[in-house]
Amino acid sequence: MPEHEPLTPDDLQEIVSQTFLREVQHFEETGSTNTEAIESLTTIPATETPALFYAESQTAGRGRGGNIWWSQPGSLTFSLLVDMSELGLTPEQQPQLSLLTGLALLQTGQTVLPRADFAVKWPNDVYLDGRKLAGILTEVPPQSNHHAVIGVGLNVNNEFRNAPAELQQTGISLTDLSGQSHSRLGILKTFLQHLDELLLKLSQGEKVLEKWPDYCLLSGKTVTIQAGPNNIIGTCQGIDESGALLLNTNTGTQRILGGVVVSWE
Ligand code: BTN
């Protein structure tokens, strides 16, 4: 039986003392940790960043494109509020935050299940064995263009056989593959350490996405992207250093900066 023990405020304080976080807010239940993080910017005194907004349970979890994020006990749902200027990042680097977060989640998964098949699906999902393991929703708060909120939903000890029927074939958790319980505290800590390392490298001008081709779920596949009213179809050539998806289309190579991946085969 996978572990569903809640993380306590003390557990989270331990994480603050061991990672780059400066503040943490713990919720037994809230609508959305992304919304909590955004709204925290209007409170006085201001939230110290990087700050973690952790919820044991969300009642209105949000995904990209207005989708709902379904979660259940045993998963991890949290958001990070970061000040990009404090981290030495420019607003132009903001689109790379989702990819870096995906890479940090992938590295975290590899520490737990070293032989498993992890991949990052541009621009904001992490896959395990061809199914979605984690989703990332990065938002820029309306109050400040140098802050960013990075929301993460990661399936750890929740089992997809208990999920709504339409998700059972598309989602997966770590425990679904391993058959074991995993320490959510340990996973959260490891993720934050990887993300800290990647953000530091990005701010120092290192090529953090260099290893990308090894983990890009879409590489070599025929991909359809919905970008505004148009669909763009092409063969994925990977990701460039700025985080754009490279598609070989019949009019040449296109750099895709945003959009929804409709299909890949
Ligand atoms: C997606 O797959 O479209 C992104 C899902 C992001 C879900 C997380 S759960 C924590 C944070 N709070 C939210 O409301 N959404 C993100």
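Taken together, the values in this text are just the output of simple stated rules run on the coordinates, not laboratory data. Every value quoted in this text rests on a predicted model; they were computed, and no experiment measured them. As a convention, Cβ positions derive from the backbone with ideal geometry for all residues, glycine included, and neighbour counts pool all protein chains shown.
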Residue-averaged [θ]222 nm for the chain, counting only DSSP H segments that reach four residues, each worth -39500 (n - 2.57)
-7000 deg cm²/dmol
For the chain, with only Lys/Arg (+1) and Asp/Glu (-1) charged at the beta-carbon, what is the dipole magnitude about the Cα centre, in debye rounded to 20?
860 debye
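Can you give the % of DSSP beta bridges in the chain that are antiparallel, to the nearest 5?
Values: 47 of 57 bridges.
Bridges in the chain that DSSP calls antiparallel: roughly 80 percent.
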Averaging 1/r across every pair of distinct alpha carbons in region 1-112 and inverting yields a Kirkwood hydrodynamic radius, in angstrom, of 15.4 Å
If you add up the charges near VAL261, with Lys and Arg at +1 and Asp and Glu at -1, over every other residue whose beta carbon is less than 14 angstrom from its beta carbon, what do you get?
+2
I'd like the distance between the alpha-carbon centres of region 69-101 and region 137-189, rounded to an integer number of Å.
13 Å
As a test of understanding, state the convex hull volume per residue of region 218-264 from its alpha carbons, in Å³.
62 Å³
Please compute, for the alpha-carbon atoms of region 114-170, the extent along each of the three principal axes and give them in descending order in Å.
41, 27, 18
Work out how much length SER17 to ASP214 would gain on full extension: take 0.36 nm times their residue separation and subtract the Cα-Cα distance, in nm to one decimal.
67.6 nm
Cβ-based exposure ranking for SER17, SER40, in which fewest neighbours within 10 Å come first
SER17, SER40
Protection-proxy order for peptides 147-155, 125-133, each taking the mean of Cβ atoms within 10 Å per residue, highest first:
147-155, 125-133
May I ask for the distance between the Cα centers of region 102-126 and region 5-41, given as a whole number of Å?
23 Å
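Cα convex hull of region 108-265: mean projected area in nm², to one decimal? Spell out each step's value before the answer.
Working: hull surface 44.9 nm².
For region 108-265, the mean projected area of the Cα convex hull comes to 11.2 nm².
I'd like the Kirkwood hydrodynamic radius of region 9-212, using the inverse of the mean 1/r over distinct C-alpha pairs, in Å.
Numbers: mean 1/r = 0.0588 Å⁻¹.
About 17.0 Å for region 9-212.
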